[in-house]
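One structure is given below, encoded as structure tokens.
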Amino acid sequence: MARVLSYLDAIGEALTQEMRRDPAVVVFGEDNIGGTGTNGKLGNAWGPTKGLHQEFPDQIFDAPITEAAFVGAAVGAAATGLRPVADLLFVDFAGVCFDQILNQAAKLRYMVGGKASVPLVLRAMWGTGMRRGAQHSQALYPIFAHIPGLKVVVPASPADAKGLMITAIRDQDPVIFFEHKMLYFSHGVVPEEPYEIPFGKARIVREGGDCTIVAIGRMVAEAETAAEQLAADGVSCEIIDPRTVSPLDEETIYASVRRTGHLVVVDESNPRCSAASDIGSLVAQNVFDALRGPVRMVTSPHAPTPFSPALEDAYAPSAARISEAVQAVLRRAVAA
């Protein structure tokens with residue numbers, strides 16, 4: 001029988017297997033050993049590092065609430081031979097340590113002419129859905145995708161979370177690993193043995209011929225729901241999960257748009273300078289002749305995430321909004 005794991009446990013298993021394989025892999029950040037009120041039994045706020053301290057007492061450490069200090073320490077550790085996995089908790093906290101990420105981790109290999117590398121993984125929770133308000137719910141992966149020298153990973157399934165985490169730990173460059181909070185307790189089939197999923201290789205989630213939907217992170221599940229609803233009306237959608245937004249698998253997206261002639265990009269980040277606007281502009285620039293209608297973006301509005309549950313639900317892209325966007329694109333094509 002196929003083995004099923006949660007997204008959270010898949011990440012924990014990747015960490016465990018890599019720490020066993022390579023003693024240079026070290027994990028640190030806030031509450032990695034203990035966790036609030038657990039007497040050392042939980043492991044982080046959500047539990048992905050549960051039990052690691054017992055097995056790897058010399059490879060996992062807790063840090064004070066000093067993101068600038070422990071992310072800076074992670075950069076230094078990576079440059080001098082270790083493979084740190086630093087847990088930022090909420091990606092919103094990146095503002096406190098942005099210089100360490102932007103100017104140190106991302107630039108060091110370039111500044112020394114390739115004589116040093118920074119094999120660092122920075123784990124970061126993101127996204128709406130848990131009523132955490134504007135300072136704990138942002139989708140900031142477009143900011144990091146803009147920075148040369150960083151690799152930006154946004155897994156949408158437990159299997160991808162494990163395989164991409166292993167790839168991230170083994171990579172020679174700094175990786176920002178985005179984990180959507182609402183996916184933590186989703187489940188899927190995950191192989192037990194260690195495996196890598198290459199960066200820059202998208203996953204075709206669903207094949208279809210009428211419209212390409214590129215969806216990122218939690219939006220993949222919303223796109224699947226929309227595609228099922230549209231299929232009942234005779235509309236066939238192809239869903240592509242980029243997996244990584246930097247590097248981006250442009251060719252898989254272009255090939256799909258050449259087949260379908262239509263593109264809808266679903267992105268939980270704000271619309272200005274978003275992943276959706278980037279993908280849409282790349283398609284318009286490189287496969288414009290294949291388009292039979294306008295590119296449509298489905299994003300959160302250009303506003304902070306509201307705390308109100310009803311407003312937050314309306315704020316994030318949904319299956320209904322995706323369906324409406326696909327239908328609008330196809331109507332424009334028919335009218336033309």
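The values are calculated or read from the model by the stated rules, or taken from the named source; none is laboratory data. On a predicted model such as this, the values are computed, not experimentally measured, just so you know. For neighbour counting, all protein chains shown are included, and Cβ atoms are generated from backbone atoms with ideal geometry for every residue, glycine included. Each accessible area value is taken on the protein alone, full model and side chains, heavy atoms only, with ligands, DNA and RNA left out. Shrake-Rupley method; radii C 1.70, N 1.55, O 1.52, S 1.80 Å.
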Accessible area, probe 1.4 Å, largest first, for residues His146, His302
His146, His302
Label the stretch 264-334 by shape, choosing from rounded, prolate and oblate, from the square roots a ≥ b ≥ c of the eigenvalues of the Cα gyration tensor; if a/c is under 1.5 it is rounded, and otherwise prolate applies when a/b is larger than b/c, oblate when it is not.
oblate
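In the stretch 147-282, what percentage of the DSSP-assigned beta bridges are antiparallel, given to the nearest 5?
Working: 5 of 16 bridges.
Percentage antiparallel, nearest 5: 30.
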Suppose R0 equals 35 Å. What FRET efficiency, 1/(1 + (r/R0)^6) with r the Cβ-Cβ distance, do Ser308 and Ala284 give to the nearest 0.05?
0.45
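Kindly report the accessible area of the stretch 87-137 per residue (heavy atoms of protein chains, probe 1.4 Å, no ligands, DNA or RNA), in Å².
Working: 2170 Å² over 51 residues.
So the stretch 87-137 comes to 42 Å² accessible per residue, rounded to a whole number.
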Taking only protein heavy atoms into account and a 1.4 Å probe, give the accessible area per residue of the stretch 217-273 in Å².
34
Residue by residue, what Karplus-based ³J(HN,Hα) values in Hz, rounded to whole numbers, does the stretch 169-174 have, using 6.51, -1.76 and 1.60 with θ = phi - 60° and x for Gly and Pro?
5, 7, 6, 8, 10, x
Proximal lysines to Lys115, defined as alpha-carbon separation beneath 24 angstrom and excluding residues fewer than eight positions away on the same chain:
Lys107, Lys151
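Could you give the size of the charge dipole of the chain about its Cα centre, using +1 on the Cβ of each K and R and -1 on the Cβ of each D and E, expressed in debye and rounded to the nearest 20? Intermediate values should be presented prior to the final figure.
Working: 29 positive and 38 negative charges, 87 e Å.
In total the dipole reaches around 420 debye.
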Using just the helices of the chain, give the 222 nm mean residue ellipticity in deg cm²/dmol: DSSP H runs with n ≥ 4 each add -39,500 (n - 2.57), and the total is spread over all residues, rounded to 500.
-10000 deg cm²/dmol
Charged-residue dipole, Cβ positions (Lys, Arg, Asp, Glu), the stretch 3-142 about Cα centre, Debye nearest 20
320
Accessible area, 1.4 Å probe, largest first: how do Lys181, Lys151 sort?
Lys151, Lys181
If you find the alpha carbon centre of the stretch 237-293 and of the stretch 213-235, how far apart are they in angstrom?
15
Taking protein heavy atoms only, a 1.4 Å probe, and rounding to whole percent, the accessible area of the stretch 62-146 owed to carbon and sulfur comes out at 60
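Just to be sure I understand: of the beta bridges DSSP finds with both ends in the chain, what percent are antiparallel, rounded to 5? Mind showing how you got there, number by number?
On the way: 8 of 41 bridges.
The antiparallel fraction comes to roughly 20 percent.
Report Rg(Cα)/(2.2 N^0.38 Å) for the chain, keeping two decimals.
Numbers: Rg = 20.0 Å, N = 336, 2.2 N^0.38 = 20.1 Å.
So the Cα radius of gyration is 1.00 times the expected 2.2 N^0.38 Å.
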Any chance you could give the angle, 0 to 90 degrees and rounded to 10, that helix 7-21 forms with the longest Cα principal axis of the chain?
40
How large is log10 of I(q)/I(0) for the stretch 154-263 at q = 0.14, 0.23 Å⁻¹ when the intensity is taken from the Debye formula with one equal scatterer per alpha-carbon?
-0.58, -1.26
Based on alpha-carbon centroids, what's the gap between the stretch 144-212 and the stretch 64-109 in Å, whole number please?
20
Considering only Ile204, Val118, Phe288, whose Cα is most displaced toward the positive end of the charge dipole of the chain, charges sitting on Cβ of Lys, Arg (+1) and Asp, Glu (-1)?
Phe288
